[in-house]
Amino acid sequence: MTIKDAALHALVEPVVDAMGFELWGVDYISQGKHSRLLIYIDQESGVSVDDCADVSRQVSAVLDVEDPIAGEYRLEVSSPGMDRPLFTLDQFERYAGHVVSVKLRVAFDGRRKFQGLLAGVEADEVLLQVDGEEYCFPVEIIEQARVVPQFDS
């Protein structure tokens with residue numbers, strides 16, 4: 001999580017919690033006039049489009065007052081979905097036993113992208129089993145991770 005994402009997370013989390021949702025994650029994508037602030041919310045009973053709209057209105061009001069992002073951006077509030085991104089060690093732990101795709105900030109063994117079985121978490125490292133080998137990635141070098149939905153055939 002970048003410093004910017006962590007600051008936005010700290011600003012948004014109390015609002016989302018107060019509305020009865022879990023703040024799953026925050027992702028700020030800087031692209032000039034096309035920048036986006038993605039906020040993922042979750043709840044045991046699921047998240048509806050109306051829930052996203054309600055959270056968007058409340059978060060937008062806080063962001064307007066605090067003004068943590070210079071310039072224009074688009075706010076998007078969403079459920080993490082089936083291919084949910086993983087942001088924290090706790091989330092990696094919760095999804096142990098699932099197939100995940102991981103993109104690293106720096107190359108490891110000559111590559112940045114891995115997909116395999118999430119074996120768990122050890123200290124601050126994510127354990128991933130790929131093609132019979134186990135890799136240990138420090139969470140800080142993981143740029144992006146997502147659960148890969150599995151469908152029974």
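Between Ile41 and Trp24, Ser78, Ser79, the built amide H atoms are under 5 Å apart, and every one of these is 5 or more places off in sequence or on another chain. Secondary-structure-derived ellipticity at 222 nm for the chain, considering helices only, amounts to -8500 deg cm²/dmol, per-run term -39500 (n - 2.57) for DSSP H runs with n ≥ 4. Rolling a 1.4 Å probe over the protein heavy atoms gives the chain an accessible area of 58 Å² per residue. Principal axis extents of the Cα atoms in the chain, from largest to smallest and rounded to whole angstrom, are 50, 34, 29. For the stretch 73-80, backbone phi angles converted through the Karplus equation (6.51, -1.76, 1.60; θ = phi - 60°) give residue-by-residue couplings of 7, 10, 8, 10, 10, 8, 6, x Hz, Gly and Pro being listed as x.
Here each label is just a point 7 Å from Cα along the line to Cβ, and for Met82 and Ala123 those points are 3.7 nm apart.
Phi-derived couplings, Karplus 6.51 cos²θ - 1.76 cosθ + 1.60 at θ = phi - 60°, listed residue by residue for the stretch 97-114: x, 9, 7, 10, 10, 10, 10, 8, 6, 10, 5, 10, 6, x, 9, 10, 10, 9 Hz, with x used for Gly and Pro. For the stretch 14-89, the pair-distance distribution built from all alpha carbon pairs, in bins 5 Å wide starting at 0, is 3, 15, 27, 25, 18, 10, 2, 0 percent.
What's the FRET efficiency of Ser60 with Gln144 using the Cβ-Cβ distance as r and R₀ = 25 Å, to the nearest 0.05? Rounded to the nearest 0.05, the efficiency is 0.50. Share of Cα-Cα pairs in the stretch 1-40 beyond 11 Å, in percent? Here the long-distance tail beyond 11 Å is 62 percent of all Cα pairs in the stretch 1-40. For the stretch 60-110, the Kirkwood estimate of hydrodynamic radius, built from reciprocal distances between every pair of different alpha carbons, is 14.7 Å.
Radius of gyration over Kirkwood radius for the stretch 88-153, both on Cα atoms: the Rg/Rh ratio is 0.94.
Highest mobility in the GNM of the chain, judged by mean-square fluctuation with C-alpha springs under 10 Å and restricted to Gly110, Gly46, Gly25, is found for Gly110. A cut-off of 5 Å between modelled amide H atoms, ignoring neighbours fewer than 5 places along the same chain, links Val126 with Phe137, Val139. With all protein chains in place and a 1.4 Å probe, the accessible surface of the chain carries 48 percent carbon and sulfur. Using a Gaussian network model on the chain with a 10 Å cutoff between Cα atoms, which of Gly120, Gly20, Gly81 fluctuates the most? Among Gly120, Gly20, Gly81, the largest mean-square fluctuation in the Gaussian network model of the chain belongs to Gly20.
The values are calculated or read from the model by the stated rules, or taken from the named source; none is laboratory data. Remember, it's a predicted structure, so these values are computed and weren't measured experimentally. Cβ coordinates were reconstructed from backbone atoms using ideal geometry, including for glycine residues, and neighbour counts include every protein chain displayed. The accessibility values were calculated without ligands, DNA or RNA, using every heavy atom of the protein model including side chains. Shrake-Rupley method; radii C 1.70, N 1.55, O 1.52, S 1.80 Å.
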